[in-house]
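Have a look at the structure below, then the notes.
The values are calculated or read from the model by the stated rules, or taken from the named source; none is laboratory data. Since the structure is predicted, the reported quantities are computational estimates derived from the model, not experimental observations. Please note: Cβ atoms are built from the backbone with ideal geometry, for glycine as well, and neighbour counts cover all protein chains shown.
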Amino acid sequence: MTENGKFRHGDPNRDSAAIIEMKNIEKHFGSVIALAGVSFDVKPGECHCLLGDNGAGKSTFIKTMSGVHQPTAGEIYFEGKPMHFDDPCDAISAGIATVHQHLAMIPLMSVSRNFFMGNEPVHRVAGIRLLDKAHADAVTMEEMRKMGINLRGPDQAVGTLSGGERQTVAIARAVYFGAKILILDEPTSALGVRQTSNVLATIDRVRKQGVGVVFISHNVRHALAVGDRFTVLNRGKTLGTAKRGEISPEELQDLMAGGQELAELEGSLGGTV
Ligand SMILES: Nc1ncnc2c1ncn2[C@@H]1O[C@H](COP(=O)(O)OP(=O)(O)OP(=O)(O)O)[C@@H](O)[C@H]1O
Ligand SMILES: [Mg+2]
C-alpha cells in the first residue's frame with residue numbers, strides 16, 4: 001500500500017470474494033513485454049475499470065483473462081481455484097463474456113436472431129426440430145425491455161439500431177446466457193453522448209444483477225460515471241487500484257497521461273512504477 005493509502009498493488013493474500021483474480025500476469029511477444037506483472041481482480045456486482053493510454057496493455061490483459069492469450073507468467077484464480085484457460089471457449093464456459101467494440105452481429109438479421117445466434121432454442125413440431133421463434137422473440141423483447149430498449153418488434157433488424165443499442169443487445173445477450181464476468185473493451189469510444197449514457201446505464205443495470213464488469217476505457221469521465229474501482233495500466237505495469245471516492249477525476253486523468261501525479265506516485269511506491 002502506498003503512503004497515502006490511495007493506490008494499492010494486488011493484495012498478497014488472495015481475495016476469496018473475487019470471481020476472478022489475476023496475479024502478477026506477464027505476457028511477452030518475442031522481445032516485446034506487453035504485460036510486466038499485472039494484478040487485477042473482479043468481484044460480483046462491481047464495475048472495475050481498466051484505464052490506460054494506447055499500447056498500455058489493456059487489450060492484451062483482457063485477452064489473457066478471456067483465454068485468447070496464455071500468460072507467459074502469473075496465476076489466474078477463478079472462484080477461488082487456480083484456473084487455466086486453454087482457449088476462449090474455456091473462458092466462455094466458465095462465464096467470462098467479452099463484448100468487443102466491433103460487435104459480431106449481422107446487421108440485416110433481426111435482433112432476436114442475433115440475440116440467440118449460436119444458442120438457438122429448438123422445439124419439435126411433428127417430430128422435426130425447428131427453431132422456437134416464438135420463445136426467442138419473447139425472450140429478446142423482454143430482455144431488451146429490462147435494459148430500457150423497447151424494440152418495434154423482435155424482427156427489427158440489428159442494422160436499424162444505434163451503436164449504443166447494439167452494445168446493449170450484446171451485453172443483454174451475454175448476461176442472459178449466464179456471464180459472471182462481462183468484459184467490455186472500449187464500448188463507448190465510438191459513441192455520441194446520448195448513446196454513451198445508454199451504455200453506461202446498461203453497465204449499471206447488469207452490475208446490480210451481480211455480474212462483475214470489466215470496463216476498458218480511455219475516457220476518465222465515462223469510467224468515473226459507473227466505476228467502483230479503477231486500475232491504471234502504464235506500459236504493461238499497473239500503477240495500482242483506487243476505489244470510487246478515493247481518487248479525483250484530475251488525479252485519474254494525470255495518471256492516464258503519465259503526468260505529474262505519476263512522478264509523485266513513483267516516489268511513494270519506491271520507484272516500482
Ligand atoms: N500479438 C502481438 N504481437 C506483438 N506485440 C503485441 C501483440 N499484441 C500486442 N502487442 C504489443 O503489446 C503492447 C500492448 O498492446 P495492447 O494492444 O494490449 O495495448 P492497449 O492498451 O490495448 O492499447 P489501445 O488503447 O491502443 O487499444 C503494445 O506495445 C503492442 O504493440
Ligand atoms: Mg486495446
Residue, farthest from ligand 1 (Cβ to nearest atom), within the range 236-252, restricted to residues that are part of a loop (DSSP other than H, G, I, E, B) and over 19 Å from the mean Cα position of the chain (by Cα): G245
Selected residue (only one of K23, K81 is at pLDDT below 95, away from ligand 2 (no atom under 16 Å from the Cβ) and more than 14 Å from the chain's Cα centre (by Cα)): K81
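From the list V214, V199, pick out the single residue that is assigned to a strand (DSSP E or B), in contact with a Leu (Cβ under 7 Å, 6 or more places away or on another chain) and surrounded by 20 or more Cβ atoms within 10 Å (Cβ to Cβ). Walk me through it before giving the result.
Working: V199 fails: assigned to a strand (DSSP E or B).
The unique qualifying residue is V214.
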Filter result (more than 7 Å from ligand 1 (Cβ to nearest atom) and either part of a helix (DSSP H, G or I) or not hydrophobic (A, V, I, L, M, F, W, C) (or both)) within the range 43-52: K43, P44, G45, E46, H48
Residue within the range 102-117 that is closer than 30 Å to G236 by Cα, within 22 Å of the chain's Cα centre (by Cα) and either surrounded by 15 or more Cβ atoms within 10 Å (Cβ to Cβ) or within 16 Å of ligand 2 (Cβ to nearest atom) (or both) present: yes
Hey, T188 assigned by TED's automatic domain parsing to the domain that holds P44, touching a His at 6+ places or on another chain (Cβ under 8 Å) and more than 30 Å from Y77 (Cα to Cα) or not: no
Residues (surrounded by fewer than 19 Cβ atoms within 10 Å (Cβ to Cβ) and among the hydrophobic types (A, V, I, L, M, F, W, C)) located in the range 172-190: F177, A190
Selection within the range 173-219 - more than 14 Å from ligand 1 (Cβ to nearest atom), over 23 Å from E143 (Cα atoms) and at pLDDT 90 or above: none
Criterion violated by S39 - all others in (1) of a type in the set (S, T, N, Q); (2) in contact with a helix residue (DSSP H, G or I) (Cβ under 6 Å, 6 or more places away or on another chain); (3) closer than 27 Å to G245 by Cβ satisfied: (2)
Residues (surrounded by 19 or more Cβ atoms within 10 Å (Cβ to Cβ) and more than 21 Å from N54 (Cα to Cα)) located in the range 226-251: V226, I247
Residue tally, condition away from ligand 1 (no atom under 14 Å from the Cβ) and under 13 Å from I247 (Cβ atoms), over the range 221-235: 5
Within the range 58-100, tally of residues that are under 18 Å from V211 (Cβ atoms), surrounded by fewer than 16 Cβ atoms within 10 Å (Cβ to Cβ) and within 15 Å of ligand 1 (Cβ to nearest atom): 1
